Amino acid sequence: MKLTRNLIIATLMTIVTTIILGLIYPLVVTGIAQVLFPDQANGQLIERDGTVIGSRLIGQGFSSPGYFRPRPSATATPYDAANSGGSQLGPTNRKLIQAVLANVEAAKKENPDVPVPVDLVTASASGLDPHITPDAADFQVPRVARERGMSEDALRHVVLAYTAGRQLGFLGEARVNVLELNLALDRDRPMRK
C-alpha cells in the first residue's frame, strides 16, 4: 500500500513539475522577453526592404575585397548557425597550428608591414562571432578603402562610428560588428563598378 502511494505521489510530482518547469515557466519567460526585449528575443535580425539579411548576433562570411571580413568560422559549413561550435582543437594541435599559420600568411599578403591581429586568424569559441577588434578592422582599412574608392582616414571614421566600447564600461573589449559596418558602407559608400 505504501509503495503504491509513493509511486502515485512521485508520478504526480513528475507531471506537475513538468507542466510548471517545462511549459508554464518557459512561456512566461518568453512572454516577458517579447514584451521587454523584443529585438533581442527574436535574434536581433537585420532587415532590408522587408527581407531578413542577417543577425547582429551571428557572423557572416564576406569574401569580396570591398568588405570587412569577420573572424574565421569554426563550423563545418562556414558561418552555419545551426552547427555552432568551436573546432575542439587544443593550442598544441598540429591541424590548428597549420590553419593559423596559413591564415597569417594570407593576411600578410594583404598588409605585409603590419602585425596580424589574432582575431583575424583564429575562430571564436562558437565559430560564429559577429565582431572583430578595432585592430582587426584597422588592419583591413587599406584594402576596403582602395576597393571603395575612399580615403583610409574617411574609412577609419566610419569604423570608429561602428565601434562599440566595453559593456558597462568594464566588461569585454571594444568591438566592431562586421555585418553592420559592411551594410553601412553599402548604404553610404557603395563599391565602384
Calculate the spin-label point distance for V29 paired with Q98, positioning each point 7 Å from the Cα along the beta-carbon direction, and give it in nanometres.
4.3 nm
Please report the carbon-and-sulfur percent of the accessible area for the chain; probe 1.4 Å, protein heavy atoms only, DNA, RNA and ligands left out.
61 percent
Which one, A74, L12, A102, is farthest towards the positive end of the dipole of the chain when Lys and Arg carry +1 and Asp and Glu -1 on their Cβ?
L12
Most fluctuating residue of P70, P115, P26 in a GNM of the chain with Cα springs under 10 Å: which is it?
P26
What FRET efficiency, computed as 1/(1 + (r/R0)^6) with R0 = 22 Å and r the Cβ-Cβ distance, is obtained for R166 and F37, rounded to the nearest 0.05?
0.60
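If you take the beta carbon distance between D80 and T18 as r and set R0 to 45 Å, what does 1/(1 + (r/R0)^6) give as a FRET efficiency, to the nearest 0.05?
0.90
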Computed E for S151/A106 - FRET, C-beta separation, R0 25 angstrom, nearest 0.05:
0.50
Enter the accessible area per residue of the chain (Å², integer; probe 1.4 Å; all protein chains in place).
65 Å²
Would you compute, from DSSP H runs of 4+ residues alone, the mean residue ellipticity of the chain at 222 nm, taking -39500 (n - 2.57) per run and dividing by the full residue count, rounded to the nearest 500?
-14000 deg cm²/dmol
Report the residue, chosen from I24, I32, I15, that carries the largest GNM mean-square fluctuation when the chain is represented by alpha-carbon nodes joined by springs under 10 Å.
I15
By per-residue mean of other Cβ atoms within 10 Å, what is the highest-first order of 178-191, 121-134?
121-134, 178-191
Tell me the label only: which of (i) 19.8; (ii) 16.7; (iii) 20.9 is Kirkwood radius over Cα pairs in Å as calculated from this structure?
(i)
Mind putting a number on the dipole of the stretch 39-127 about its Cα centre? Charges go on the C-beta only, +1 for Lys and Arg and -1 for Asp and Glu, and I need it in Debye to the nearest 20.
300 debye
Rounding to the nearest 20 debye, state how big the charge dipole of the chain is about its Cα centre with +1 on each Lys and Arg Cβ and -1 on each Asp and Glu Cβ.
460 debye
Candidates V100, V16, V144; GNM for the chain (alpha-carbon contacts under 10 Å) flags as most fluctuating V16
Measuring from centroid to centroid over Cα atoms, what is the spacing of the stretch 120-193 and the stretch 28-55 in Å?
23 Å
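The values are calculated or read from the model by the stated rules, or taken from the named source; none is laboratory data. Since this is a predicted model, take the numbers as computed values, not measurements. Positions of Cβ are backbone-derived with ideal geometry, glycine not excepted, and every protein chain shown enters the neighbour counts. All accessible areas refer to the heavy atoms of the entire protein, side chains included, with ligands and DNA or RNA removed. Shrake-Rupley method; radii C 1.70, N 1.55, O 1.52, S 1.80 Å.
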